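Notes to accompany the following structure.
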Amino acid sequence: MQGGIRAFVSNGSIVKNAVLQHVRLVNPLRPLMVSRYESTSAARIEEQGFESTKISDVLNAKGKGADGSWLWCTTDDSVYDAVKSMTQHNVGALVVVKPGEKSSIAGIITERDYLRKIIVQGRSSKSTKVGDIMTEENKLITVTPDTKVLKAMQLMTDNRIRHIPVIDEKGMQGMVSIGDVVRAVVSEHREELNRLNAFIQGGY
C-alpha cells in the first residue's frame, strides 16, 4: 500500500496536467505571448486548488467526538488493554501519556508494535507494559494543524508510518491516519478536477 500511495503522491498531477494540456492546445495557432499567459493562468489555478487542504480540515471532518480522533492509554497500561481498546474503537494506534498527565504525550503505540514486539518475540501482552514497546516521544514524527495534507502524506510514506499525531503550542490536538489523509487528497483532487472542467467549459 505504501508503494501505491507514494506513486499517488508523485503522480497525482497527471490528470490535472492532462486537462491543462488540453486547455493549452485548444487553439495551437495563438501567438506565443498568449500561450505564455495561458500557462501562467493555469499554474495559478493549480496553486489555488491543489495542496490547499490542511490537517485541521481533516480533524474537523472527523469531528471532535469521532472514535479515533485521538484515543489514549498510559505507559503503565498493559499492551493487552491497549490492543483491546484499539479493537473496540476500530483504530490502529493510541497516543501514550504518562499516568496522570493527559496533556503530556509520551509516545505512540500501534498495531505494528504489537505484532513486532509482542507476537513475533513471544512476549505476553498482559504482563508487558505499553511503555516497554511504544515509540517514544523523542522519535515521534508529528504535524501541526496548519500542515498541508500532502506534506503529511509525504512524511508518512517516507517514514513508513500509518498514524501521525497532531500537536501545536497548546498540546495534543488529534491524530490522523494514512486513510484519513488519502481520503482528503482524493477529495481535493476531485474538487480541483471539477474546477478545471468548469474553466474549460467557460464557467470562469
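Exactly one residue out of Val182, Val130, Val143, Val186 is under 22 Å from Gly63 (Cα atoms) and at pLDDT 90 or above, and it is Val143. For the range 86-102, the tally of residues that are under 13 Å from Thr74 (Cβ atoms) and not acidic (Asp, Glu) stands at 8.
Please enumerate the residues belonging to the range 138-154 that are open to solvent by less than 60 Å² (accessible area, probe 1.4 Å) and not polar (S, T, N, Q). Within the range 138-154, Leu140, Ile141, Val143, Pro145, Val149, Leu150, Ala152, Met153 meet the criteria.
Scanning the range 81-109 for residues that are in contact with a helix residue (DSSP H, G or I) (Cβ under 9 Å, 6 or more places away or on another chain), open to solvent by 30 Å² or more (accessible area, probe 1.4 Å) and modelled with pLDDT of 90 or more returns Asp81, Val83. For the range 92-129, a tally of residues being assigned to a strand (DSSP E or B) and among the hydroxyl-bearing types (Ser, Thr, Tyr) returns 3.
Restricted to the range 114-137, and to residues there that are open to solvent by less than 70 Å² (accessible area, probe 1.4 Å) and under 28 Å from the mean Cα position of the chain (by Cα), the residue that is nearest to Asp77 (Cα to Cα) is Val130.
Thr157 meets all of the listed conditions (1) surrounded by 13 or more Cβ atoms within 10 Å (Cβ to Cβ); (2) among the hydroxyl-bearing types (Ser, Thr, Tyr); (3) part of a loop (DSSP other than H, G, I, E, B) but one, namely (3). Please tell me if Met86 is outside any loop (DSSP other than H, G, I, E, B) and under 19 Å from Lys54 (Cβ atoms). Taking the combined requirement at face value, the residue does not satisfy it. For the range 45-63, the candidate set comprises residues that are under 17 Å from Gln154 (Cβ atoms) and among the aliphatic types (A, V, I, L, M); within that set, the residue that is modelled with the highest pLDDT is Ile55. Here Ile200, Ile178 are screened, and the one residue that is within 28 Å of Ile118 (Cα to Cα) and not hydroxyl-bearing (Ser, Thr, Tyr) is Ile178. Could you say whether any residue in the range 174-194 is part of a helix (DSSP H, G or I), within 19 Å of Glu101 (Cα to Cα) and open to solvent by 50 Å² or more (accessible area, probe 1.4 Å)? No - not one qualifying residue is present in the range 174-194.
The values are calculated or read from the model by the stated rules, or taken from the named source; none is laboratory data. Everything numeric in this text was worked out from a predicted model, so none of it was measured. Here the Cβ is made from the backbone with ideal geometry for all residues, glycine too, and neighbour counts use every protein chain on show. Surface accessibility is based on the protein's heavy atoms, side chains included, excluding ligands, DNA and RNA. Shrake-Rupley method; radii C 1.70, N 1.55, O 1.52, S 1.80 Å.
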